[in-house]
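Data block below; observations after.
Values in this text are rule-based calculations from the coordinates and carry no lab data. Everything numeric here is computed off the predicted structure, so don't read it as measured data. Neighbour counts are summed over all protein chains in view; Cβ atoms, including those assigned to glycine, are modelled from backbone coordinates with ideal geometry.
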Amino acid sequence: MAPRPDLGPHPRLGYTASALDRKAACRDDAAAIMRFGQDPRAGVYVVGGELVVLKALDGQDEPLFSPAQARALGEVRDNVFLGLVDDAPRFGCGLDAAAVEALKARNDLKITDLRSIAVQGLVHADHLPPLAEAKALIGWHARHRFCSNCGAATVVVQAGWRRDCPVCKAQHFPRTDPVVIMLAISGERCVLGRSRRFAPTMWSCLAGFVEPGETIEEAVRREVLEEVGIGCGRVRYFASQPWPFPSSIMIGCHAEALGDKLVIDREELEDARWFDREELAAMLARRHPQGLTTPPPVAIAHHIIRSFVEDGGDVIR
């Protein structure tokens, strides 16, 4: 195939390129946080579990509510300061699950999950990074209301960026779980796998959590070996992506495959096989003769695959 096929303009990677200034130095300043909340330009993203509340509009929906509008939607369980966008304060609030369920009856609102919002382009792409921040942070609060050290109820401090235990004095911070997602390459071919939860036509990069005491490169080699039985040599970092499901950082890599015989872990994967660059180009363009596809542009896997299609083996040199 051509050294660099024309696949059109590069799409934006989902949940990245945030315009937010997080203003971390203000999180301990209660007076500043109060001023931000009273600012007429303040906007609130409303989350309830896996669901996001949107104002239903013609065309793209609106994810921002005023603080008063957000409070009127239902009982607010958590409130977090996200930062400023062009000096306009941005917050995230977590509603009680029952309140979110009740909102589904309203015609002026749309209640849906963040994946659907991103894939379907329901809101402007600039809203995706702060929505990811809000969802991940509010989800962390929902799962960490008690001290993991002594079991006592914790209290929220630093505008939602820390929980403190009043009993044993432990401090708890939001966590992000590192995940490697990689494309193992041999010449003009690479390995893609299928999870049982994927859409019937979709194939994607292999992926797995980084384990304690492990480097990114070691995690890439271990996961590829475990899932498809292929040893890897060189590993090259590509890019990263926040993935708020519930709270991960996807670390994209290309890896040099040292063999070609696949031994598939059927507990992890439904299937895996080799694809050449020409077939991948057809999948990216949605022109594969069998209808096979790659993940959508919102996912980093799409961009990892596309870079190999465009640049071939140069991605691991």
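Tabulated data for the structure shown
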| read-out | value |
| --- | --- |
| Nearest-ten-degree value, helix 216-228 long axis tilted from longest Cα axis of the chain | 60 degrees |
| Matching label, Cα Rg over 2.2 N^0.38 Å computed from the structure shown, candidates [x] 0.92; [y] 1.01; [z] 1.11 | [z] |
| Normalised contact order of the stretch 199-259, rounded percent, pairs of Cα under 8 Å and 6 or more residues apart | 27 percent |
| Rounded to 5, percent antiparallel among DSSP beta bridges of the stretch 154-277 | 75 percent |
| Under 15 Å, Cβ to Cβ, from F36 - net charge with Lys/Arg +1 and Asp/Glu -1 | 0 |
| Separation of the I216 and T112 label points, Cα + 7 Å toward Cβ, nm | 3.2 nm |
| Total formal charge among the other residues, if their Cβ is under 15 angstrom from that of A152, Lys/Arg +1 and Asp/Glu -1 | +2 |
| Restraint check, K110/K135; K55/K104; K23/K110, Cα-Cα greater than 19 Å | K23/K110 |
| Rounded D (µm²/s) - the stretch 136-199, Kirkwood Rh over Cα pairs, Stokes-Einstein at 25 °C, 0.890 mPa s | 164 µm²/s |
| Cα-based helix-to-principal-axis angle, 128-143 vs the chain, degrees rounded to 10 | 70 degrees |
| Free-standing Cys, the chain [no other Cys Cβ under 4.7 Å] | C26, C93, C190, C205, C232, C253 |
| Fraction of beta bridges assigned by DSSP in the chain that are antiparallel (%, nearest 5) | 75 percent |
| Degrees between helix 300-311 axis and first principal axis of the chain (Cα, 0 to 90, nearest 10) | 40 degrees |
